[in-house]
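The values are calculated or read from the model by the stated rules, or taken from the named source; none is laboratory data. Treat the numbers as computed from the prediction; the structure is a model and nothing was measured. For neighbour counting, all protein chains shown are included, and Cβ atoms are generated from backbone atoms with ideal geometry for every residue, glycine included. Quick note on the areas: whole protein, heavy atoms, side chains included, nothing else; ligands and nucleic acids left out. Shrake-Rupley method; radii C 1.70, N 1.55, O 1.52, S 1.80 Å.
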Amino acid sequence: MGLFSELKMAVPWGHIAAKAWGSQRGSPVLCLHGWLDNANSFDRLIPLLPKHFYYVAMDFGGHGLSSHYSPGLPYYHQNFVGEIRRVAAALKWDRFAILGHSFGGIVGGMFACIFPEMVDKLVLLDSVPFVLDSNVEQDSKQPSRGLSREEMLQRFLKNNSHVGEECGELLLQRGATQVATGLVLNRDRRIARPEHSFEFISRELCVCSIKKLQASILLIKAIEGYHDVRRENDADKGPMLFIIDQLKSVLNERFQFVEVPGNHYVHLNQPNHVASVISSFLQSRDKIPASP
């Protein structure tokens, strides 16, 4: 299933770009990339997954090949949640599975709480459905000048220590464009300010939100991932452990937790480490009946 098609869905500020694999008659799976990444994040994983599903990997607004938001419109977390609703409407999906890596899992998790009747299954790749802590370190601003391909790659690898050179080049294929002065990033520079894109919630709201979930959830934790990826305070595992405990307590048999060897980008670096468990989960029959 290496072949894919490009999609472009109209939105008020331009378009949302996406890549699709498989037949539209297959069960739908929406794939959501991580913060500052793009749809190419799933290029190595999806060919290893069951062929009878229809996989659509979207570029969030301001990422990859999707349009940037209009000036004055911030990249708020809830806006990304709204993008999922727009994509589902464009594809005429009433109910589907979500496969989210990192930030994509956070956005997908919130969507599954706000629209619980629409999400059948939720796969969290080295991610949790909410962010509880608030001490976020900003990325350094990217220079506006064009860079050579090698300069761009080395800068990217420096800021993404969990990504190897080959996978970095794959992400930059969709994440950068050649101009007269060199390569420039496609993404809107405003999304490099995490306080605009992440929504930090209280533990009380977290518990309340989890109780609204109808989906079955598979959380895949990379043994060398998640913590200490971009933020110094990620060494504090407390918030993640709290969320996992709540998911276990509330969802019971609808929650599965699996640890796999690899780092935060295990689905890209070593997709075979996660493909089989994701495949089994997607094909399991414990679907939650849709509300009448």
Problem - For the range 48-60, Karplus couplings with θ = phi - 60° (6.51, -1.76, 1.60), whole Hz, Gly/Pro x - result: 8, 8, x, 6, 8, 9, 10, 9, 10, 9, 9, 8, 4
Exercise for the section: Treating cross-link reach as a plain straight distance, find the lysines whose alpha-carbon is under 28 Å from the alpha-carbon of Lys51, omitting any fewer than eight places away in the same chain. Expected result: Lys8, Lys19, Lys92, Lys121, Lys221, Lys287
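Going by a ≥ b ≥ c, the root eigenvalues of the Cα gyration tensor, does the chain fall in the rounded group (a/c under 1.5), the prolate group (a/b larger than b/c) or the oblate group?
Judged from the Cα gyration tensor, the chain comes out rounded (a/c under 1.5).
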Exercise for the section: Show the residues, 5+ positions off or on another chain, whose built amide H is closer than 5 Å to the amide H of Ser127. Expected result: Ser102, Ile220
Exercise for the section: Quick one: which residues, 5 or more positions from Val119 or on another chain, have an amide H under 5 Å from its amide H? H modelled 1.01 Å from N in the peptide plane, none for Pro or chain starts. Expected result: Phe96
Exercise for the section: Keeping the other protein chains in place, figure out the carbon and sulfur percent of the accessible area of the chain, with a 1.4 Å probe. Expected result: 51
Practice task
Within 10 Å, count the other beta carbons around each residue, average over each peptide in 237-245, 109-117, 160-168, and list them highest first.
Solution key: 109-117, 160-168, 237-245
Handout entry: Angle in degrees between helix 77-91 and the longest Cα principal axis of the chain, rounded to the nearest 10
Key = 80
Exercise for the section: Amide H neighbours of Trp35 under 5 Å, at least 5 residues apart or on other chains, H built in the peptide plane: list them. Expected result: Phe103, Gly104
Fill in the blank from the handout: The alpha-carbon center of the range 104-118 and that of the range 1-50 are separated, in whole Å, by 17
Handout entry: Check: the chain dipole with +1 on Lys, Arg Cβ and -1 on Asp, Glu Cβ, in debye
Key = 820
Practice task
Determine ³J(HN,Hα), in whole Hz, for all residues of the range 256-268 in sequence, where each value follows from phi through the Karplus function 6.51 cos²θ - 1.76 cosθ + 1.60 and θ = phi - 60°; x replaces Gly and Pro.
Solution key: 10, 10, 10, 9, 10, x, x, 9, 4, 9, 4, 5, 9
